Each structure stands twice: as C-alpha cells, then as structure tokens.
1. What whole-number value in cubic angstrom gives the convex hull volume per residue for the C-alpha atoms of the chain?
2. Would you mind telling me the share, in percent, of accessible area of region 1-100 contributed by carbon and sulfur at probe 1.4 angstrom?
3. Where in region 1-87 are there chymotrypsin sites (Phe, Trp or Tyr not before Pro) that are in a DSSP coil and have at most 13 other Cβ atoms within 10 angstrom of their Cβ?
4. Place a +1 charge on the Cβ of each Lys and Arg in the chain and a -1 charge on the Cβ of each Asp and Glu, then give the dipole magnitude about the Cα centre in debye, rounded to the nearest 20.
5. Read phi for every residue in region 5-18 and hand back ³J(HN,Hα) as whole Hz from Karplus 6.51 cos²θ - 1.76 cosθ + 1.60, θ = phi - 60°, with x for Gly and Pro.
6. May I ask for the distance between the Cα centers of region 9-29 and region 34-99, given as a whole number of Å?
7. Taking 0.36 nm per residue of sequence separation and subtracting the Cα-Cα distance, how much length would be gained by fully extending the chain between ARG17 and ALA44, in nm to one decimal?
8. Counting only heavy atoms of the protein chains, get the accessible area per residue of region 1-100 (1.4 Å probe) and round it to a whole Å² value.
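The values are calculated or read from the model by the stated rules, or taken from the named source; none is laboratory data. Because the structure is a prediction, the values reported are computed rather than measured. All Cβ positions, even for glycine, are placed from backbone atoms using ideal geometry, and neighbour counts span all protein chains on display. What goes into the accessible areas is simple: the full protein's heavy atoms, side chains included, and nothing from ligands, DNA or RNA. Shrake-Rupley method; radii C 1.70, N 1.55, O 1.52, S 1.80 Å.
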Amino acid sequence: MADRNVHNAGFGSSGIRAGSLASHMMSVEARSSGGGVRSGGPTATLQEMGARGSTHSSGFTSSGISSGSRASDMMSQEARSYGGGVPSGGTTSTVQSISMGGKGGR
C-alpha cells in the first residue's frame with residue numbers, strides 16, 4: 001500500500017509527474033530554499049523511494065515506521081536536531097504521511 005501511495009502522489013521511476021502532489025511539493029520546497037531541493041529533504045527522499053519502487057525497505061509503511069529501519073534512524077536524528085520532537089512538515093513526517101496515503105505536511 002505505501003509504495004502505491006508514493007507512486008499515486010507522483011514519485012516514480014521516470015521522475016516526478018507533472019501536475020501531481022509531488023510536483024507541487026518540489027515547487028514549494030524549491031521556492032522556500034531559494035531555488036533548489038535539498039538532498040535528504042522530503043521531495044528528494046520520496047523521489048528516491050519512488051524511483052526504487054519500494055518504501056518498505058526504508059521502513060516507511062502504511063502501518064507506521066518500522067523499528068530498526070532507515071526511517072526510524074531518520075526520525076531519531078530529526079527529533080534530536082529539533083530538541084526531542086519531529087516537526088510537522090519535516091522530512092520524516094511528510095514521507096510517513098504520503099506513505100500512508102496522506103498529502104504530507106505541506
């Protein structure tokens with residue numbers, strides 16, 4: 001389910017689909033950072049997963065973040081850098097939201 005949600009959002013093996021949630025996210029992220037999409041950010045992370053065709057191997061699943069996974073490491077690192085919490089609209093919460101069929105935090 002999570003893989004399908006990422007693809008439905010517009011992240012795929014041939015890139016980001018025009019007119020999709022993915023293209024909107026990319027546009028918003030690029031404008032907020034002065035013109036580029038940062039490596040490790042929500043758009044880049046989701047596109048990497050969409051190109052690979054698997055979110056499960058990263059630990060983002062439709063039932064939550066898998067313990068001991070790359071996703072759980074990302075969540076821990078992000079929480080430490082924000083003083084203990086994962087911000088809404090951050091990489092972890094946005095990727096998890098879309099993996100579960102949501103529209104992300106943006």
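1. 89 Å³
2. It is 51 percent, rounded to a whole number.
3. Passing sites in region 1-87 are TYR82.
4. Dipole about the Cα centre, nearest 20: 160 debye.
5. Once θ is set to phi - 60°, the couplings for region 5-18 become 4, 5, 5, 4, 6, x, 9, x, 5, 9, x, 7, 6, 4 Hz.
6. Result: 16 Å between the Cα centres.
7. Answer, rounded to one decimal: 8.3 nm.
8. 49 Å²
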